[in-house]
Structures are given as structure tokens and as C-alpha cells.
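Contents: one structure, followed by commentary.
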Amino acid sequence: MKKSLSIAVAFAIMTLFFIQSVGTLIESIYILDLMNSKLDEKALGVLFLFTPALLIPFYKKYPRLLTWLTFAVLFMARGLLPNLNTADRMLAAGLSTFASLSLLLLLLKANLTSDVESRIDLWSAAGLGLAVGLSVLLRTVGDGLEYSLIPAGAWLGWGLGIVLGLLLTQLSVKNEARPVAETKSGLAPILGLLLVLTMLWFAFSAPAVIARWTEANYTLIVIVISLLSLGWVAVAFFRADLLDRITPGGLVIWNLLFTAALTATLMAQRVPFPPTPDSAPAVVTAPTLLQHIPLGLLLLLFPVLFVDMRLFVKQIRVANPTSGTLISGVLLGGLIITLLIFAHIFTNVWGYVKPISPFFRDKFWLSYFLIAGLITLFTLRAKRTDSLTEKQPAGSPHWGWALLLVAIFGVTVFHALPAPRVQVIDAVRTSIMVMTFNTQQSNDDFGERSFAAQLELIRQVSPDILALQESDSTRISLNNNDYVLYFAENLGYYSYYGPTTVTGTYGTAILSKYPLQNTRTAFTYSDKDETGIAEAEIEVDGARFTIYNVHPDGSDTSMLAFAESLLARSQGKPYVIALGDFNLRDYEEAYQRIDSVYTNVWTSTYPTEISDAGVDMSGENRIDHIFLSDDLTARNPVYILPPESTTDHPVHWTEITWDAP
């Protein structure tokens, strides 16, 4: 393998490891703080983003030694990630973030062999495209989870680490300094490079993120992102001369269009939340074609990030920044990324970290606009000092590279296709099983991942209707993991994600053995968390059921507004099932209002609220409920308490019967 191609693959693995590690770091911090519903000292884990600055003063004197020391830290920390508990995973992810970013910056600063030096900008950008292609592949293989970050795929982390080590031996980092004068310039491209990595981590490395923004077709989004990412790699390998035609002015315009398309995509999904308790609910149905136009443009324009990476790497190599400039870039970049992380997370928890977080309510678009806008500014700055049109010798990679890219794309598409749906027995039915499950973002009562155990519990019950709460994990705070997709694909269920992640709820997804019809979300007034009631209809042997999955929160006023909206929307409908985490106990007014119209399956079966088996769900113990309209009857309701429920809530299910028409 030529050294020029070696650095492309090495950059791909380093970039992939950085995206995986920083995502796991933020996820671990969030999970540990989720247990307390507050921000505490664990948030200081973001300081790992600043730690690469500690090694920069030694880059010039010990480049080769630092290369192998940081690789050793990266190899061990990244390899161990999938099999650690949450607290240890936070530490390992922090070390892996430090090592992957340090190694990347070290190679950009190091004195490399001449064949690598001449085209490092092109090969590093090709590596970025390959990293995105690999990340998309791993996300689809894991059915919405990053396969190499779960125990079943842990071997891949070790394997990629070994490959990276072998590639580093071919790059021949020299102990002497680069024969180029150091300058105090280069701060802007360093920040630009870090922001490109941040944008890919926030969105494009996990296509489910964009699908959950927009309710667009997941498979199609995967195909487009994978094709354009790997296509960029192919062009860089085989037709680099085409890339040399991109002018600095053209790149700035491309970035402006990308920023506009990204912002418009997110703004098109905003919801006019009810401003007062008396306001009518805001009902969101399937997006229109007009809403998807910005999305289409966004997907076509996003490869500009790879061109930006090439420009920023070239700028850094030309400037050969001093240690002080590099340190300033890492510290300022770490601060910007940290602020962007909090701005993103606060849009979802705006009611919890006062007085700061309320400002970010309904501003999901803001962090993305800032990232794309800053990248555009840095490319504009670069326009005045350098050009992309410098010709470089054409490459001649082996045809095996083309086969590899085609194979990655083919496997990605295969795994992105929907799994076969479970076949319901075609017979006269007068009963179904329904289940409500607050999964706590697929973590158990101790803050440890429990998606596999939750899947097994669901399989044992085999509900016809499954309502999930706290399931909107497809965002950076939960490492962009799509647990709704994971459950739906592994169960063979139809699914409706419910409120999009742009709206800032905690998730109310509906899964079903039967096709879901007329899916929609009704948002009611809230003063703490956005309350989005997921609604859907199914048809069972001629009987049409309306399902409401709920997870309200807030003051007594907002809870009563929720209850009144639920009753108004379901009024007069037959076969109504309202279930979820109501955050209401039976002595509260909002509960009593719902209970006056619909039948609670537990209290109708066990008036004492204690089952025959001694399960006590009285008083404070019960906030997860299943309510039925009068034309339905509950049979054998069950609560399973933590820790057996594999979450911090009881899991609740019941059989529902009705009279045959």
C-alpha cells in the first residue's frame, strides 16, 4: 500500500475513533446526570476536549515517541469502551477522545515523508469521507446503534486499532522538525477543522439523526449519505484533478448554501407550541413535500464538509503554526464545542437548568447554524490567504480500493433495508396485548445500558402494541443511538417515532405488529418539558383502535391542560387506548379528570391497588398507566418493578378484550 493511501485510511480510523469516543463521552456524562435530573460535577468530563493541549509543547521534540504513546492510549481506551460500565466508560471515552484528537493534530504538525507531505490535505479529506462511510455502515449493521460500541461488535474496535497501528509504521514520522518556518497564523483552520468534525459527529455520521429530525425515509437518507461520502473518497483516489477545479469563491458559496439548507431543514420542523393552558393543541402530521425540499438540498450539499477539511488541513500545513497557536486553537476549539454541546442539550432540558436553559427552548436549529456559519467564515478567511487550485500529481490506487468502497456501500444498503415485519395470525381476534415501557433511554435503574435486556423482556411479553417513553435518544446526548429503530428492526414491528427530536420532548414512540395509520403528534401547553402526545390508529379484524402514548410533565396547570387535551382529542372515538408515563398519581386532579372518563386497567381489576400476588401499586408507586374506553375490558394486568423491569420505571402490560361485532 502506498504511503499516501496509508494516511487516508489512518485519518479515517482516527476520525472515526474521535467521533465514537466524544459521542460516548457526552452520552456517559448525560446518563450519569440523568439519574439525578440535574447538572453536577460529572459535566466536567467535557474537559477531556481540552487535554490535547497538554502534549502540544512536546510535539517538536518528541514526535515519534508521542505518536506511539498516544496510539497506545487510544488502542487500549477505545478497545475497552464497549465492555465497561457507564462510569468507567466515561473515563475511557475521555482518554480515547484525548488520544484520537492528539494523534490527528500530531500528524498534521509532524515532519512526514515527501510523498505523504505533498498530498496530505487530499488524503486526510479522503479519510474523512471514508470515516463517515464506515460510521454509516456500523450504524446500519447495529440497527440504529453503533455496532462497534456494543459488546457484540467490540472486536471491531480492537481490529481497527491494530490496522491503525500498522498504518502508523508506514507514515515514518521523523524526529526532526518540519523544514518549514513556524508562524503564528493557523488559528482559523484549526478551529475550522474541529468544527467540521463536530458537524459530522452531530449529524452526518449517524443518518438516523436526520431521519428523526424530519420523519423522512431512513433507508433513502442512509443511501445518499453513504453514496456521497464514499463517492468523495473514490474521486479523491481516482480523479483528484476534478477537485482542483473548486475555486475559493465557489467553496464559500457552497458553504453558504449548505448553511442555508441545514437551517431551513430544521426550521421547517419547528412547532408553534401552545402559549397558554387554554390554547388548542398544535397537531403535527406527516411532513409535506415542501418541508422535505430543504432536506434534499442538505443531503446533496453536505460533501462540502470534505472539501472544507481539505482546505483547513492544507492551511495548517502551510502555516505550520507554533505550539502557542496550536494550544490556543485546541483550547478555543474545545470551548466552542463545549458551548455547542450544552446549547444542543439545553433545547431538550430547557426546564431543568435555570436560568440559562430556558433561552434555548425551541432553538434546536441554533447549534447547527452556528457550526455551519463558523465553518463558512473560516473558509472565507482562508480565501484571502490560499487557493484550492494548486495542481497536484494524479494518484493511481489499485482497483481493489474501488471494490472495497463498493463493498462498504453494498453492505450498508443491505442492512439499511427494513427488516421483515412480524406476521400476525389471520384469524378472528377479540383480544390484543398492550404494553407501556418507560425505557429511560434504554438504561436500567443503575444507569447502565439495558437495551438487550429490554428487548428480551419485550419479546417475552410479545405485545401487539408497545408504547415507549423516554425513547428519543437519537441526539448527541445519547450518542445518536436510535433505540426505537433497534427495537422495531429486531422485533419486526411497525413504528412511529413520535415527536421529532427537533421539538425537544422525551419521546413517545409507538410500535405495533399491525400497520400504524394516521400517525400524528399533538403538543399541549407546557412550562417544563414539551408534551407531545403520539397518536396512531390500527385495525384488528375490522375493529379500529386509537392509541395515545403520553409522557407529560410540568406544573399542575400544564398537567391539567394535557389531561383536558387528551380527553378532547379522544372524545367520541371507539376503542381508545391511552397509555404511558403520565407522571400522575391517583390523588392528583389531572389523573382524576382522565379517570372520570376512562377506565384504569389496574384499579378496575384490583380496587385495592394491590394485586393478588402482592404487587403494591398504591399511592406514590404508580405513575405509568393504561386507560381504556368503556367498550374495552382489561384482563390480567401486570406490573414488573425495577430492577427486573430493566429500567427505573415499572413496566406495565395487560391483555385487552372486546366484543366481536
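Just so it is clear, none of the values below were taken in a lab; they were calculated from the coordinates. If you're wondering where the values come from, they're calculated on a predicted model, not measured in any experiment. Heads up, the Cβs are rebuilt from the backbone with ideal geometry, glycines too, and the neighbour counts pull from every protein chain shown.
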(request) Please arrange Leu122, Leu137 by counting, for each residue, the other beta carbons lying within 10 Å of its beta carbon, fewest first. (result) Leu122, Leu137
(request) Return one quarter of the surface area of the convex hull spanned by the alpha-carbon atoms of the stretch 121-230, equal to its mean projected area, in nm². (result) 9.2
(request) Rank-order 602-614, 368-380, 404-416, 138-150 by packing density, defined as the average count of other C-beta atoms within 10 Å over each peptide's residues, highest first. (result) 138-150, 368-380, 404-416, 602-614
(request) Please get the size of the charge dipole for the chain, origin at its Cα centre, with Cβ charges of +1 on Lys and Arg and -1 on Asp and Glu, quoted in debye to the nearest 20. (result) 3960
(message) At a 10 Å Cβ-Cβ cut-off, how would you order Trp68, Trp213, Trp399, fewest neighbours first?
(response) Trp399, Trp68, Trp213
(message) Using helices alone, I'd like the mean residue ellipticity at 222 nm for the chain: each DSSP H run of four-plus residues gives -39500 (n - 2.57), total over residue count, nearest 500.
(response) -16000 deg cm²/dmol
(message) Please compare each pair in Lys354/Lys513; Lys363/Lys513; Lys513/Lys573; Lys184/Lys354; Lys60/Lys363 to a cut-off of 32 Å on the Cα-Cα distance and tell me which ones are over it.
(response) Lys354/Lys513; Lys363/Lys513; Lys184/Lys354; Lys60/Lys363
(message) If packing is taken as the average number of other Cβ atoms within 10 Å across a peptide's residues, how do 438-446, 86-94 rank, most packed first?
(response) 438-446, 86-94
(message) Under the rule a/c < 1.5 gives rounded, and otherwise a/b versus b/c splits prolate from oblate, where does the stretch 431-657 land using the Cα gyration tensor?
(response) rounded
(message) For a quick size check, give me the Cα extents of the stretch 39-167 along its three principal axes, largest first, whole Å.
(response) 42, 35, 24
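Provide the convex hull volume over Cα atoms per residue for the stretch 307-353, in Å³.
Hull volume over Cα atoms, normalised by residue count, gives 61 Å³.
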(message) Only counting other Cβ atoms within 10 Å, I'd like Val550, Val638 sorted with the fewest neighbours first.
(response) Val638, Val550
(request) With unit charges on the beta carbon (Lys/Arg positive, Asp/Glu negative), name the residue among Ala467, Thr557, Ala613 whose Cα is farthest towards the positive pole of the charge dipole of the stretch 431-657. (result) Ala467
(message) Cut-off under 19 Å on the C-alpha distance; same-chain residues fewer than 8 positions from Lys174 excluded. Which aspartates and glutamates are left, in chain and number order?
(response) Asp115, Glu117, Asp121, Glu182
(message) So for the chain, considering every pair of alpha-carbon atoms, how many percent are separated by more than 47 Å?
(response) 20
